[in-house]
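For reference, the structure is listed below as structure tokens.
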């Protein structure tokens, strides 16, 4: 291979790598809208390294379930969400943390598996639960809207399996409150 051909191959690979990092609008769970696609990053953590959140029944104060969560508290992390994951374990999820309660839209962009999307108000009350299926492409994505300071994403039908309903409470570690 001559130098010119090698330069073309190297430039093409670099371009493809850059496009892959910028990604398709990269979130199974990021706020929808006009945000530009941030560079993707991948970190490896084990479930034991992760903080946990618990869902508590509003009437009985019984713990309905506990989830080890990755934290998405920057715009870039919220945009990427779970889209770089192949799956979630039974009691694993991601907690999206915002500075204040607001209205947010989430989409299943580039997701390989369905999830439950749980919106949680600033007082810890679950305000909305969506059971979100994967999309066939990244066009005309379904928007899952809700109001919250936090959004919890868990495996599909986790909320049904644990008896979680709107009005129940999410207990969030102090550092993310």
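Where a number appears in this text, it was derived from the coordinates with a stated rule and is not lab data. Since we're looking at a predicted model, the values are computed, not measured. So basically every Cβ, Gly included, is an ideal-geometry build from the backbone, and we count neighbours across all protein chains shown.
Give the Rg (one decimal place) followed by the Dmax (whole number) of region 26-176, computed from C-alpha coordinates and expressed in Å.
In order Rg, Dmax, the Cα atoms of region 26-176 give 14.2, 44 Å.
Suppose the chain between residue 59 and residue 73 were pulled fully straight at 0.36 nm per residue; how much longer would it get relative to their current alpha carbon spacing?
Full extension of this stretch gives 2.0 nm more.
Quick check on packing: order 116-128, 63-75, 164-176, 146-158 by the mean number of other C-beta atoms within 10 Å, highest mean leading.
Most protected by this proxy first, the peptides run 146-158, 116-128, 63-75, 164-176.
Suppose each label sits 7 Å from its Cα in the direction of the beta carbon; what would the residue 101-residue 66 distance come out to in nanometres?
Between residue 101 and residue 66, the label points sit 2.7 nm apart.
Full-extension gain between residue 90 and residue 123, please, as 0.36 nm times their residue separation minus the C-alpha to C-alpha distance.
9.3 nm
Quick check for you: which residues of region 51-83 have the amide N under 15 Å from the point 7 Å beyond the Cα of residue 138 toward its beta carbon?
79-83
Whole angstrom only: what separates the Cα centroid of region 48-76 from the Cα centroid of region 113-177?
About 11 Å separates the Cα centre of region 48-76 from the one of region 113-177.
Could you please rank 113, 96, placing first whichever residue has the fewest other Cβ atoms within 10 Å of its Cβ?
Listing 113, 96 from fewest to most nearby Cβ atoms yields 113, 96.
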